[in-house]
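The values are calculated or read from the model by the stated rules, or taken from the named source; none is laboratory data. Everything numeric in this text was worked out from a predicted model, so none of it was measured. Reconstructed Cβ throughout: ideal geometry from the backbone, glycine too, with neighbour counts over all protein chains shown. All accessible areas refer to the heavy atoms of the entire protein, side chains included, with ligands and DNA or RNA removed. Shrake-Rupley method; radii C 1.70, N 1.55, O 1.52, S 1.80 Å.
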Amino acid sequence: CYEHLSNLYFIRQACASADEKLKRQKFDTRLSGSTGVIIVHIEDKIICFNVGDSRAIYINDSYEAVQISKDHKPNLPEEKKRIQNMGGRVDRIENFANIGPFRVWNANGDVPGLAMSRSFGDFIGKSVGVINEPDYFELKIVENKVRCVILASDGLFEFISNETVAEIAAPFIKKNDCAGAARRLVDEAYRTWTKDGVICDDITVIVILFKVD
């Protein structure tokens, strides 16, 4: 299993296969899709790969947050270059006082408006440089003193830093309460999204505890 999952070619093919299957679904995936972040625990290792801006972090035995994955945002130099080479454009929404996330647009600037540069589905975005290729990360549980891993969509991390996530989760981690940590993080993310309005992104959180010997 490790030999397969440490092979980036295998992981790339798995992500490409998932994308191809989405094309054959009955629902419309031209302007809809998903990010993905996955971890696999094999013996003393954690393997992580991600597509898009969902994120994996771990909390060590000092209850400090360390980011595992890398968010695929359109304004990152290597992502922006690829999108521009494919005829796309990276910019914020017009008439929003130059605030909000950078997004992927076609030459006309009206679609798809994706706030990430890699995803599953989003096939109009694929025509202007959005890809399904994952990044790969590996770390040793004991060596890095991994106490807890948190996987979450960008709905959690839009307004809450990794450090604040660790502070919120720490009391629950100390009690081995994964569900309590996840609920508290979702509640806090929802509060920050809605304090100035009613708009709220999707918020998905998974909390996994590890025993460090």
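In this simple spin-label approximation, Leu76 and Asp135 carry label points 7 Å from Cα along the Cα→Cβ vector, and these lie 0.3 nm apart.
Relative to its Kirkwood radius, the Cα radius of gyration of the range 119-213 gives an Rg/Rh of 1.05.
Accessible surface calculations at 1.4 Å, restricted to protein heavy atoms, place the range 31-102 at 51 Å² per residue. The length gained on full extension between Thr164 and Lys211, counted as 0.36 nm times the residue separation minus their Cα-Cα distance, comes to 14.7 nm. Using only Cα positions of the chain, each an equal point scatterer, no hydration layer, compute I(q)/I(0) via Debye at q = 0.11, 0.18 Å⁻¹ and quote the log10 values to two decimals. These q points yield log10 I(q)/I(0) values of -0.58, -1.31.
Peptides 7-19, 50-62 ranked from most to least packed, by the mean per-residue count of other Cβ atoms within 10 Å: 50-62, 7-19. For the range 32-90, with all protein chains in place and a probe radius of 1.4 Å, 49% of the accessible heavy-atom surface sits on carbon or sulfur. Could you calculate the FRET efficiency of Ala179 with Ser62 from 1/(1 + (r/R0)^6), where r is the beta carbon distance between them and R0 is 25 Å, rounded to 0.05? According to the calculation, E is roughly 0.60. Straight-distance candidates among the lysines for linking to Lys145, with alpha-carbon spacing under 29 Å and chain neighbours fewer than 8 residues away dropped: Lys45, Lys70, Lys73, Lys174, Lys175, Lys211.
Eigenvalues of the alpha-carbon gyration tensor of the range 29-97, scaled by 5 and square-rooted, set the equivalent ellipsoid semi-axes at 31, 16, 12 angstrom, largest first. For the range 61-151, the percent of C-alpha pairs falling in each 10 Å distance bin, counted from 0 to the bin holding the largest distance, reads 16, 39, 22, 18, 6, 0.
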